[in-house]
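Written out below as structure tokens is the structure these notes cover.
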Amino acid sequence: MEHAIVPVHTKVRGRARFRVSTLNRSGDLSRRVGSEIKRLPGIRSARVNPVTNSVLVFYNPEVDWRTIADMIIGVLEGRGDDAISTQTLTRPEYEEASRQWHALQSDRILELLGSSIDQGLEPASAERRMRIRGKNVFPESRSRSRLETLKDQFSFLPMVLLTAESVAALFGGAVIEAALLSSITAVNVAVGYLVNRRSEQAIVSLKHRPRPSAQVLRGGEWVELPGEDLVVGDIVKLTPGTYMGADCRILAASHLKTDESLLTGESNPVDKDGNVIDRGGTTPLFDQNNMAFMGTLVVGGEAVAVVVATGPMTEYGKLNTLFTETVPPQTPVIGKIHGLAGALLKASFAIGFSVGLIGLLRGRSPVQAVGRVASIIASAVPAGLLSAATVNMALGFRKLKRENISIRRRYSLESLSAVQMICFDKTGTLTRSRIDAQRIYCSGTDVRIDKREFWAGQDRFSPLENPDYKKLLQACILCSEARYRLDPKTGQPDLAGSPTEVALLHLTLMAGLDPQELYQKNPLQKVWHRGDSRR
């Protein structure tokens, strides 16, 4: 069925009204459609009027209204022919399940999601769900335009006063002074604009990093899909090196371990399984051992899981939403400049009006008195202060840029430099979660690794020329779940897995072994995972 949706009013950002003829003035249908629209990502509220067949939507202003229209069409097309239909999503048990996936049996979860561990989702069903809920991505915050960036340069008091002083000097006939003040203003604005635009472009480029792929069961066949194409109900395979592209409920696992430091701050891998967790009440994230969350990394074992949340509805997505909605506080340097400029301005006004009043009492004309007052007030504006602050911040920005550090606003540098003490309860979340092998002891020979070179005492040592050392290094490759591949763009090795196994694999590369060649000669037949009863 074709669903005619006509935009009625879309001029106001974050608010749009559409007319949908296929609602047929049905109150029951309108209520169901309205309930489903409210669940769409980025939608804040929605009202459906069955009398006029209109839909009023309040949504995230960063989202284009055309995207909202496409999602509404997806809701209408998916009605009644998908397992997650409008009727299914409005059931109270589904609402409860969305908060308690860890407490439900696997069969019940698959029933609610309309999926199958043997067949997964049918491609057509997955396509409908994507139209309804959108791709598995976060609504990207809108970058500041050039005009907004330029406007920000005039957003604090010293710049306003400096501009006002140059204008006053021009009208007062002091052309040279006006030109100098205008030059200072132009330099401040130009430097600030260029620094902020470069930061904005660098931050925008980080948003378009390639997303990891996923092994997904569609129509009974395993296929590799981009993470953004995952939908609720997809059956996914988890192997070492897999970055989770969505929140998943684990159905079956074999010695699965994940790195959840992104969410919990704990750097040690967490054991995962498919057992039901029903302890009553609310179970914290770090105790939900049958869940795998978006952004975490599989470092060991394997599992099969079902996607239960995508995009903004994931735990990582909720953190991202909180972060984007946070209003950054004013930096200390801006507050100090505002305070100093305000104090000088108040003092200059008091002195200027006092001098003007005295001049009037001594018989000066009002024009002369006003000119004298304007001169005194203008002379108190700290023109040099603004230039010094801008130049120093620009130099600091360039220094950080050389270290591949991007800051959106240059005055944030002062907040960073004002930190004098940082206290942490552990170091795991501050490191790169990477370790390196430094010594090897085999067959009575103690070898140390220093700057990618092997040393036995004071002599260089070649591990591949020693049969025992060569077998040991081969075992480090074959008895490992760490993933090795060459990056097609850079040609450099790309290693993924637990920090320990990656360190051992990195050790073999330094020794000169080729993992790919060894994999081809010794293809994987079966895996026996280490456990409590098997080392």
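Report note on the peptides 284-291, 8-15: ranked by the mean count of other C-beta atoms within 10 Å, highest first, their order is 284-291, 8-15. Taking all protein chains together, Leu322, Leu147, Leu251 sort by accessible area into Leu147, Leu322, Leu251, largest first [probe 1.4 Å].
Taking 1 over the mean of 1/r across every pair of different Cα atoms in the stretch 423-529, what Kirkwood radius in Å do you get? Walk me through the intermediate numbers first.
On the way: mean 1/r = 0.0649 Å⁻¹.
Taking every pair of different Cα atoms in the stretch 423-529, averaging 1/r and inverting gives 15.4 Å.
In summary, the lysines within cross-link reach of Lys521, defined as a Cα separation below 16 angstrom excluding same-chain residues under 8 places away, comprise Lys470, Lys471. At q = 0.23, 0.24 Å⁻¹, what is the log10 ratio I(q)/I(0) for the stretch 222-301, with the Debye formula run over Cα points and no solvent? Relative scattering, expressed as log10 I(q)/I(0), comes to -1.17, -1.26.
Order Thr149, Thr239, most accessible first, counting only protein heavy atoms with a 1.4 angstrom probe.
Working: Thr149 0, Thr239 50 Å².
Largest accessible area first, the residues go Thr239, Thr149.
For the pairs Lys38/Lys272; Lys237/Lys257; Lys237/Lys272; Lys11/Lys318, note any where the Cα-Cα span goes beyond 25 Å. Don't jump to the answer; show the numbers that get you there.
Numbers: Lys38/Lys272 33 Å; Lys237/Lys257 14 Å; Lys237/Lys272 14 Å; Lys11/Lys318 28 Å.
Correct reply: Lys38/Lys272; Lys11/Lys318.
Suppose the Debye formula is applied to equal point scatterers at every Cα of the stretch 222-361; what is log10 I(q)/I(0) at q = 0.22 Å⁻¹? Values returned for q = 0.22 Å⁻¹ are -1.34.
The values are calculated or read from the model by the stated rules, or taken from the named source; none is laboratory data. Here the structure is a predicted model, which means the values were calculated and not measured. Cβ coordinates were reconstructed from backbone atoms using ideal geometry, including for glycine residues, and neighbour counts include every protein chain displayed. Accessible surface areas use protein heavy atoms only, side chains included; no ligands, DNA or RNA. Shrake-Rupley method; radii C 1.70, N 1.55, O 1.52, S 1.80 Å.
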